[in-house]
């Protein structure tokens with residue numbers, strides 16, 4: 001699985017979405033399907049899908065906290081080509097019967113985080129190809145949770161200043177705070193002076209050259225969402241404060257067919273996938289349902305731990321801290337640390 005392929009697809013998708021509302025997408029959930037279909041398609045569909053996928057099908061990302069699965073269902077009369085086995089072996093294939101069977105597969109593969117397949121099984125549907133993924137990770141350093149108005153708010157203090165990095169991008173400075181998971185996944189919280197598309201696109205294209213939290217504190221420099229404050233601890237820290245968030249979204253990929261290489265594939269005047277089936281087939285629906293949950297204990301974790309701490313006496317400030325309060329719209333990207341592959345990316349806007 002190539003991180004740049006998934007990042008580019010995710011960035012193009014983010015740029016195509018209208019508005020500034022909270023949302024979440026998974027380019028990783030789409031890219032394997034595009035790459036597989038490209039290899040069984042004729043022209044011009046093959047070229048369009050291959051360019052959108054960014055490369056050939058390279059299997060699914062494997063990691064202890066991430067579950068990825070593929071499924072293929074066909075009506076009994078639809079014959080499959082023998083070459084389909086190299087992508088979709090018989091054990092992941094089934095007969096297209098009713099929505100309940102496919103919904104049960106979704107619930108099983110996502111651990112109940114999602115309940116329904118987002119396509120409609122109309123009489124015209126002959127074949128359904130789907131991917132599912134579920135990521136659950138716990139934080140190395142959990143948050144405290146407390147009420148703030150009508151919201152649940154999360155806060156923690158981290159002595160590792162370099163969890164905060166400030167990048168200079170083409171659209172201005174970008175603050176990135178990395179919340180590390182106990183395994184192979186982190187969530188990057190990103191704040192910039194632009195809107196959803198510019199901030200998340202910049203976050204998906206990061207390279208070296210960032211100023212570390214140590215540098216920011218030493219220079220007492222400003223950065224989006226960051227304030228240098230006096231602290232009661234002599235040890236420099238990063239104080240991170242943000243709302244608990246849980247976002248559900250559903251996307252129609254055919255609203256942006258150029259992003260996914262689906263323009264020609266959706267032309268139902270001809271078949272486009274001779275390597276998949278001798279039956280002429282065209283794309284009828286292409287949708288994604290996705291959710292993300294950032295809690296006190298982890299990402300996509302159902303358990304919430306609430307802790308409240310207060311000083312036992314009135315201490316005087318004797319140090320400095322970097323205070324990051326995400327009270328403005330911000331982005332997030334869940335990343336596989338060893339490869340850099342983004343699993344989901346999203347935007348939180350409670351304004």
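Side notes on the structure shown:
- Geometric extent, Cα atoms of the range 116-168 - Rg, Dmax (angstrom): 21.1, 59
- Relative contact order for the chain, counting Cα pairs under 8 Å that sit 6 or more residues apart, in percent: 26
- Most fluctuating residue given options 208, 27, 225, as computed from a GNM of the chain linking Cα atoms under 10 Å: 208
- Cα convex hull volume per residue for the range 218-261 (Å³): 171
- Eigen-decomposition of the gyration tensor built on the alpha-carbon atoms of the range 44-123 gives equivalent ellipsoid semi-axes of 22, 20, 14 angstrom, largest listed first.
- If you plug the beta carbon distance of residue 219 and residue 337 into 1/(1 + (r/R0)^6) with R0 = 30 Å, you get a FRET efficiency near 0.60.
- Pairs of alpha carbons in the chain whose separation is greater than 26 Å (percent): 53
- Global geometry of the range 188-263, whether rounded, prolate or oblate, following the gyration tensor of its Cα atoms and the 1.5 cut on a/c: prolate
Every read-out reported here was derived from the displayed coordinates using simple, explicitly stated rules and does not represent laboratory data. Keep in mind it's a predicted model, so treat the numbers as computed, not measured. All Cβ positions, even for glycine, are placed from backbone atoms using ideal geometry, and neighbour counts span all protein chains on display.
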